[in-house]
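**Student:** Got a structure here, written out as structure tokens. Questions coming.
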Amino acid sequence: MKKALEEAQKAFEMDEVPVGAVIVRNGKIISATHNRREISKDATAHAEMLAIREACEILGSWRLIDCDMYVTLEPCVMCSGAILQARIERLYIGAMDPKGGAAGSILDLFEDYHFNHKTQVIKGILEEECGQILKKYFKEKR
């Protein structure tokens, strides 16, 4: 999660919403990235989506079997769906997103629905640090 926080800081410095995501397989970081929606002018350029795309390219498969994702903010519906579709084994979440989260805050795609793949979700990893960078960003924006 510390690497995901480093990625979130990069987003902060680029004036992007500071969210970072990292995908790990067998203890090795496969991809690490951050939000790039503003710079790319792409609504799908969330940290999770970019990390999944990069990991798929590196591993040569859309199935990210035996991979875990660390993300500083609870994924939205789009990202949660992509995590399930990519077959990510475990999802580690920093801060929850009461306005748009789809891993328990607004709805829970990982528990409330019966997809053919099950992703284990672990919440509250470095929650304070993950929440602080977001609070700082939005405070400066206001």
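**Student:** Collect the residues in the stretch 67-94 that are assigned to a strand (DSSP E or B), open to solvent by 10 Å² or more (accessible area, probe 1.4 Å) and not charged (D, E, K, R), keeping them in residue-number order. Spell out the reasoning first.
**Tutor:** In the first step, residues of the stretch 67-94 are kept if they are assigned to a strand (DSSP E or B); the result is 67-73, 90-94.
With the extra rule that they be open to solvent by 10 Å² or more (accessible area, probe 1.4 Å), the set shrinks to 68, 70, 73, 90, 92.
Answer for the stretch 67-94, where residues must be assigned to a strand (DSSP E or B), open to solvent by 10 Å² or more (accessible area, probe 1.4 Å) and not charged (D, E, K, R): 70, 73, 92.
**Student:** Still on this structure: Looking at the stretch 118-140, which of its residues are outside any helix (DSSP H, G or I) and polar (S, T, N, Q)? Let's see the steps before the verdict.
**Tutor:** Applying the first criterion (outside any helix (DSSP H, G or I)) to the stretch 118-140 yields 118-126.
Hits for the stretch 118-140 are 119, 120.
Quick grid of which residues meet (1) part of a strand (DSSP E or B); (2) open to solvent by 30 Å² or more (accessible area, probe 1.4 Å); (3) under 21 Å from residue 97 (Cα atoms); (4) of a type in the set (Val, Ile, Thr):
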residue	(1), (2), (3), (4)
3	no, yes, yes, no
10	no, yes, yes, no
15	no, yes, yes, no
31	yes, no, no, no
48	no, no, yes, no
52	no, no, yes, yes
65	no, yes, no, yes
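**Student:** Starting from the stretch 83-101, keep only residues that are under 21 Å from residue 128 (Cα atoms) and among the hydrophobic types (A, V, I, L, M, F, W, C), then list their pairs with residues that are open to solvent by 10 Å² or more (accessible area, probe 1.4 Å) and assigned to a helix (DSSP H, G or I) whose Cβ atoms are within a distance under 7 Å, requiring at least 6 positions of separation or different chains.
**Tutor:** Every condition considered, the pairs that remain are 95/127; 95/131; 95/134.
**Student:** Take the residues in the stretch 102-139 that are free of Cβ contacts under 8 Å to residues at least 60 places away in the same chain and among the basic types (Lys, Arg); name whichever of them is surrounded by the fewest Cβ atoms within 10 Å (Cβ to Cβ).
**Tutor:** Within the stretch 102-139, the first condition is being free of Cβ contacts under 8 Å to residues at least 60 places away in the same chain, and the residues that meet it are 102-124, 127-128, 131-132, 135, 138-139.
Cutting the leftovers down to among the basic types (Lys, Arg) gives us 118, 123, 135, 139.
On the way: 118: 12, 123: 16, 135: 11, 139: 8.
It comes out as 139.
**Student:** Counting only residues that are touching a helix residue (DSSP H, G or I) at 6+ places or on another chain (Cβ under 8 Å), aliphatic (A, V, I, L, M) and over 17 Å from residue 76 (Cβ atoms), how many does the stretch 105-139 have?
**Tutor:** Selection size over the stretch 105-139: 2.
**Student:** Please determine whether any residue of the stretch 81-91 is under 19 Å from residue 17 (Cα atoms) and in contact with a strand residue (DSSP E or B) (Cβ under 7 Å, 6 or more places away or on another chain). Steps first, please.
**Tutor:** Restricting attention to the stretch 81-91, the residues satisfying the condition of being under 19 Å from residue 17 (Cα atoms) are none.
No, because not a single residue in the stretch 81-91 is under 19 Å from residue 17 (Cα atoms) and in contact with a strand residue (DSSP E or B) (Cβ under 7 Å, 6 or more places away or on another chain).
The values are calculated or read from the model by the stated rules, or taken from the named source; none is laboratory data. This one's a predicted model, so the numbers in the text were calculated from it and none came from an experiment. Here Cβ is always computed from backbone atoms with ideal geometry, including for glycine, and neighbour counts include all displayed protein chains. We work out accessible area using only protein heavy atoms, side chains counted, and drop any ligands, DNA or RNA first. Shrake-Rupley method; radii C 1.70, N 1.55, O 1.52, S 1.80 Å.
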